[in-house]
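Chemist: Sharing a structure with you now.
Derivation of every value follows stated rules applied to the coordinates shown; laboratory data play no part. Small disclaimer: the values here were computed from a predicted structure and weren't measured. As a convention, Cβ positions derive from the backbone with ideal geometry for all residues, glycine included, and neighbour counts pool all protein chains shown.
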Amino acid sequence: MTILVTGATGNAGRRVVDELLALGREVRAVTRNAAAARLPAGVEVVEGDLTRPETIPFDGVTGAHLLTNAGDDYADLLTGPELVERAEKAGVGRVTVLWSGSRSPLEEAVTASSLEWTVLRPVDFMSNALVWAESVRATGEVREPFAYARSALVHEGDIGAVAAAVLVRGGHGGRTYTLTGPEALSVPEQVAAIAAATGREIRYVEQSEEEARAGMLAAGRPAEVVDLLLGWKRDMPAVGYTVVSDVEDVLGRPARSFASWAREHAGAFVSGADTRR
Ligand SMILES: NC(=O)c1ccc[n+]([C@@H]2O[C@H](COP(=O)([O-])OP(=O)(O)OC[C@H]3O[C@@H](n4cnc5c(N)ncnc54)[C@H](OP(=O)(O)O)[C@@H]3O)[C@@H](O)[C@H]2O)c1
C-alpha cells in the first residue's frame, strides 16, 4: 500500500506525507533534489520531475497525490495527460489532484480517466503568511496591499489530512472539494492573530498596489506571476473568501483556525525557526 506524493517537500505536500505516515501507509516522495528534501525517516525519496513524466515512478503504488503546476511560475503542467496515462498503465487506483487556480491539462486528463480521482481545490494557504516572518522580525511590520480583502485561508495540515483520508479510505471518487478554513480573514486580522500568538506588537501597513508590485519584482518574481498574485488578491473571486464545510465533511472535525496556525508557527516570527517541519 505505497502512495506516491508529488510536491512532497512543499507546504501542502509535506503535510500529505505526514498524514499518510500517521495512517500507516508507505510513502514514495518525489522531489527534484533528494539531497535537500529533508523528509521523515522511512519515506522512500525518489528524484523525479513532473515536466518529464518518465521520471515519475508510478510502478507499485496504489494511490498518488499530484500537483497541477510545476516550477516557480505557476504555469500549468503541460505533461498532465502523459502523467495520467502512465498512472493508469501502472495500475494506480486513487489519485488526488491539487488544483492551483485554473482547470489544468492534468485535471482535464484525470477527470476523463479511469482513475478514482478527487480534485482538491484549496484557497489561499495559511502558510503564505510565513513570507512576513522576516519583516516582522526585522521591523515589527507587515506591508501588504488591499486591507479590505478577505480570504477563507486553509491550514496546509488540513489539505494534507483531506488528501490522506481520500487516498487511504476511498469513497470520494469523482468529487471536487473546495478546501477552506473556518473563517474569512483580512490581512490586518491575520496580523493581529500573529501578534497575539507571538506576544509582540506587529503593525500592519497598507501598501499601494504599485509599491507591492515593485517589491515583488525586486524580489525576483516574474512579471506574469506578480500580475496573477496581485489580481487574485485585488479582485478575489467568491471561491477565495467563501467558507465551505468540505474539510469538516471529509475529516469529521472542524477545519483548523488561523489562530491555531499562528500559535504553531510563532517561532518563525520571533526567532526565525523553521516551523514547517
Ligand atoms: N500557496 C497557496 O495559497 C496555494 C493555493 C492554491 C493552490 N496552491 C498550489 O498548491 C501547490 C503546492 O503548493 P506548496 O505551497 O505546497 O508548494 P511549495 O512549498 O511552493 O513547493 C513546491 C513543490 O512543488 C515541487 N515541484 C515544483 N516543480 C516541480 C517539478 N517540475 N517536478 C516535481 N516537483 C516539482 C517542489 O518539489 P522539489 O523542489 O522538492 O523538487 C515542491 O515540493 C502548488 O501547485 C500551488 O500552485 C497554492
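Chemist: In the neighborhood of Tyr148, defined by Cβ-to-Cβ distances under 15 Å, what is the net charge if each Lys or Arg adds +1 and each Asp or Glu adds -1?
Modeler: With Lys, Arg at +1 and Asp, Glu at -1, the neighbours total -2.
Chemist: Can you compute the label reach from Glu224? Point 7 Å from Cα along the Cβ direction, backbone N cut-off under 17 Å, restricted to the stretch 73-102.
Modeler: In the stretch 73-102, the label zone of Glu224 (backbone N under 17 Å from the point 7 Å along Cα→Cβ) covers 73-80, 100-102.
Chemist: Given an 8 Å cut-off on Cα distances and at least 6 residues of separation, report the relative contact order of the chain as a percent.
Modeler: 18
Chemist: Which whole-number percent is the relative contact order of the stretch 116-197 (Cα, under 8 Å, 6+ apart)?
Modeler: Dividing the mean separation by the residue count of the stretch 116-197 yields 47 percent.
Chemist: Tally Lys and Arg at +1 and Asp and Glu at -1 over the other residues with C-beta under 15 Å from the C-beta of Gly252: what net charge comes out?
Modeler: Taking every other residue near Gly252 into account, the sum is -2.
Chemist: Once you place label points 7 Å from the Cα toward the Cβ at Ala147 and Ala196, how far apart are they in nm?
Modeler: According to this spin-label approximation, the distance is 2.0 nm.
Chemist: Using Cα springs under 10 Å in a Gaussian network model of the chain, which residue among Gly157, Gly80, Gly220 shows the largest mean-square fluctuation?
Modeler: Gly220
Chemist: Using helices alone, what [θ] at 222 nm do you get for the chain, with -39,500 (n - 2.57) per DSSP H run of 4 or more residues, divided over all residues and rounded to the nearest 500?
Modeler: -11000 deg cm²/dmol
Chemist: Something else about it: Round to the nearest 0.05 the FRET efficiency obtained for Ser260 and Glu85 when R0 = 51 Å and r is the Cβ-Cβ distance.
Modeler: Using R0 = 51 Å, I get an efficiency of 0.80.
Chemist: Right, something else. Output the 0 to 90 degree angle, nearest 10, between the alpha-carbon long axis of helix 209-218 and the longest principal axis computed from the alpha carbons of the chain.
Modeler: 60
Chemist: If each of Glu183 and Glu54 carries a label point 7 Å out from its Cα toward its Cβ, how far apart are those two points in nm?
Modeler: Once both label points are built, they end up 5.3 nm from each other.
Chemist: Provide the gained length on full extension for the span Arg38 to Glu26, in nm with one decimal, where the gain is 0.36 nm per separating residue minus the Cα-Cα distance.
Modeler: Contour length minus the Cα-Cα distance gives 2.7 nm.
Chemist: Extension gain Ser208-Val131, at 0.36 nm per residue separation less the Cα-Cα distance, in nm?
Modeler: Between Ser208 and Val131, full extension yields an extra 25.9 nm.
Chemist: Which net charge results when you count Lys and Arg as +1 and Asp and Glu as -1 among the other residues whose beta-carbon is under 13 Å from that of Thr68?
Modeler: That works out to -1.
Chemist: What angle do you read, to the nearest 10 degrees and between 0 and 90, between the alpha-carbon axis of helix 156-169 and the longest principal axis of the chain?
Modeler: In the chain, helix 156-169 runs at an angle near 20 degrees to the longest axis.
Chemist: In degrees, nearest 10, range 0 to 90: what is the angle between the Cα axis of helix 11-22 and the longest Cα principal axis of the chain?
Modeler: 50
Chemist: For the residue pair Ala273 and Thr242, what label-to-label distance in nm results when each label sits 7 Å from Cα along the Cα-to-beta-carbon direction?
Modeler: 3.9
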